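Student: Shown below is the structure under consideration.
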Amino acid sequence: MNRSFSTKRSNFQLHPYELNRKTAIHEAGHAAAIYISNKEKQLPPIFFQIFIKEPVRDVHPESSRSCSSQSPLYAWIEGGRLIHTLPSSLQEATCRFSSQEKQAYQQAFEADIMNLLVGPLAEAKYVALRDNELINPRLVNLHALHYYGGLSDLKTAHEYLDCLLSDPEQKEKKIAELFGAAYRFINHPGYWRAITGLADYILNAGKKVIECEEAIAVLDARLA
């Protein structure tokens, strides 16, 4: 789950802290959904890691002090999906499954899609709160997630959807349903507290890799 970095000029006018905070919130949103939402649905636990590439600061040659210019922090999640390899279609993949197995497989598909959407939605909520603006599905719709680092997430979500359903109307209905579920997730006070707590940890831990158990401990502490 990779955050897509916008190359719009306005992004580079932001203070480096804001760019890095948005990135941390985005990836923390993914991680929180993978752990909390999947657990709520009684889905199998999933291993994931958060990788962090620290921002590089420009240093004045005359001194050891860093100047104000700073490259963005890059963070991404590896793992965290119930469906490791997408089949050509859900029907083909489950043709020999029992009805119970088919239901569980479809639930895993839908969980992965929702978890993808939570990352850019969490970033959108952070920006709205920062700017003292409202956020709702009409102001920030599915397409708008492109502006919150969601290009890669949306691409992958639609690849899942293409495997899940073939009828365009059913696809639109299903993605709207999962988008609504992602919205409810980020608007849950406890889950938002967990997302922001993990984002703080990503920014301040000084690590290149945050292991799954470590991230879960931070999430659990904020949920307690």
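Nothing in this text is a laboratory measurement; each read-out follows from the coordinates by a stated rule. In this text the structure is predicted, and so the values were computed from the model without any measurement. Quick reminder, even Gly has a Cβ in these numbers, built from the backbone with ideal geometry, and neighbours come from all protein chains shown.
Student: Sorting T156, T85 on the 10 Å Cβ count, fewest up front, what's the list?
Tutor: Lowest count first: T85, T156.
Student: What number comes out for the charge environment of L86, summing +1 per Lys or Arg and -1 per Asp or Glu over other residues with Cβ under 13 Å away?
Tutor: Summing Lys/Arg as +1 and Asp/Glu as -1 gives -2.
Student: Could you pull out every whole DSSP H run in the chain that spans at least 30 Å of Cα extent along its own axis and averages -1.0 or higher on the Kyte-Doolittle scale?
Tutor: Span-like helices here: 99-130.
Student: For the pair R130 and H84, how long in nm is the line joining their label points, each one 7 Å along Cα→Cβ?
Tutor: 3.7 nm
Student: At a 10 angstrom cut-off on C-beta neighbours, averaged per residue, how do the peptides 158-167, 18-27 rank from highest to lowest?
Tutor: Result, highest mean first: 18-27, 158-167.
Student: Another question, if that's okay. Please give me the summed charge of the neighbours of I34: other residues whose Cβ is under 12 Å from its Cβ, Lys and Arg +1, Asp and Glu -1.
Tutor: Summing Lys and Arg as +1 and Asp and Glu as -1 gives -1.
Student: Then there is this: In deg cm²/dmol and to the nearest 500, what is the mean residue ellipticity at 222 nm of the chain if only DSSP H runs of at least 4 residues count, each as -39500 (n - 2.57), divided by the residue total?
Tutor: -17500 deg cm²/dmol
Student: Among the listed pairs K174/K207; K102/K174; K22/K102; K22/K173, give every one whose C-alpha distance is greater than 26 Å.
Tutor: K174/K207; K22/K102; K22/K173
Student: Right, something else. For segment 97-182, state which trypsin sites (Lys or Arg not before Pro) are in a DSSP loop and have at most 16 other beta carbons lying within 10 Å of their beta carbon.
Tutor: Here the trypsin sites (Lys or Arg not before Pro) that fit, given the DSSP loop and packing criteria, are R138.
Student: What is the gain in length, in nm to one decimal, between K173 and R96 on full extension, counting 0.36 nm per residue of separation less the C-alpha to C-alpha distance?
Tutor: 25.1 nm
Student: Oh, and also: Under 14 Å from the Cβ of Q170, count the other residues' Cβ atoms, weight Lys and Arg +1, Asp and Glu -1, and hand me the total.
Tutor: That works out to -3.
Student: Along the Cα-to-Cβ line of Y17, 7 Å from the Cα, sits a label point; which residues in segment 105-127 have backbone N less than 16 Å from it?
Tutor: Label zone hits: 127.
Student: On to the next question. Check cross-link reach from K155 to the aspartates and glutamates: straight Cα distance under 19 Å, and skip same-chain residues fewer than eight apart.
Tutor: Here the aspartates and glutamates satisfying the reach criterion relative to K155 are E27, E78, E110, D112, E123, D167, E169, E172, E177.
Student: OK, next. Could you size up the charge dipole of the chain around its Cα centre, putting +1 on the beta carbon of Lys and Arg and -1 on that of Asp and Glu, and report it in debye to the nearest 20?
Tutor: 360 debye
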